Amino acid sequence: MMKLKSNQTRTYDGDGYKKRAACLCFRSESEEEVLLVSSSRHPDKWIVPGGGMEPEEEPNVAAAREVCEEAGVKGTLGRLVGIFENKERKHRTYVYVLIVTEVLEDWEDSVNIGRKREWFKIDDAIRVLQCHKPVQATYFEALQESCLTSNGTPLVTTIGEDLSPTYSINQSSVSGIR
């Protein structure tokens, strides 16, 4: 299913959830600092760069495209952290690790909407996200879980109404990911 937005086509999965992709963009492989961007709706708030998938687009390709558009960075796409389901907003987001290798001086969202970007220590990123985007703060919990327990198998994280994440290993989601 697709739905036209003013400048893009929204895509939905078979359950009616909006298909999204995002990256935790790290300054280096040590994964100690992450890049956040200012929200387009609330410029004083910080978010993880990501957005809707285009028709026929693979999640990993969408994730890399979105971070280039929103954060002005390119890099090496790493592991899938998990698939985050937000029942309240009715979307599913594939979240990847990206090790930044190139930082663009001017990028699409900086030019078009004045979006900012800033490096944060992980604990600080979690703190600023918990205030405005608590679901995104859970990405970091899953990042640690994915390193410890999934052996490369995607984690599906369901965010309940109380915003507490529930993690599960989903073998069926592996086949559609390249």
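Average accessible surface for segment 7-84: 41 Å² per residue, computed with a 1.4 Å probe over protein heavy atoms with every protein chain in place. For Leu24, the residues 5 or more places off, or on other chains, whose built amide H falls under 5 Å of its own are Tyr96, Val97, Leu98. The relative contact order of segment 48-133 comes to 26 percent, based on Cα pairs under 8 Å that sit 6 or more residues apart.
When peptides 57-65, 20-28, 113-121 are sorted by average Cβ neighbour count within 10 Å, with the highest value leading, the order is 20-28, 57-65, 113-121. With the simple spin-label model, which puts each label point 7 Å out from Cα in the Cβ direction, the Leu77 to Glu141 separation comes to 2.7 nm. Shape of segment 1-141 from the C-alpha gyration tensor: rounded (a/c under 1.5, with a ≥ b ≥ c the square roots of its eigenvalues). The simple Förster model, with R0 at 35 Å and r as the Cβ-Cβ distance, assigns Ile113 and Asp13 a FRET efficiency of 0.80. Pairs over the 27 Å Cα-Cα cut-off, from the set Lys74/Lys121; Lys18/Lys121; Lys87/Lys121; Lys90/Lys121: Lys18/Lys121; Lys87/Lys121; Lys90/Lys121.
The values are calculated or read from the model by the stated rules, or taken from the named source; none is laboratory data. Everything quoted here is computed from the prediction, not taken from an experiment. For neighbour counting, all protein chains shown are included, and Cβ atoms are generated from backbone atoms with ideal geometry for every residue, glycine included. To get the accessible areas, we keep the full protein, side chains included, count just its heavy atoms, and leave off ligands, DNA and RNA. Shrake-Rupley method; radii C 1.70, N 1.55, O 1.52, S 1.80 Å.
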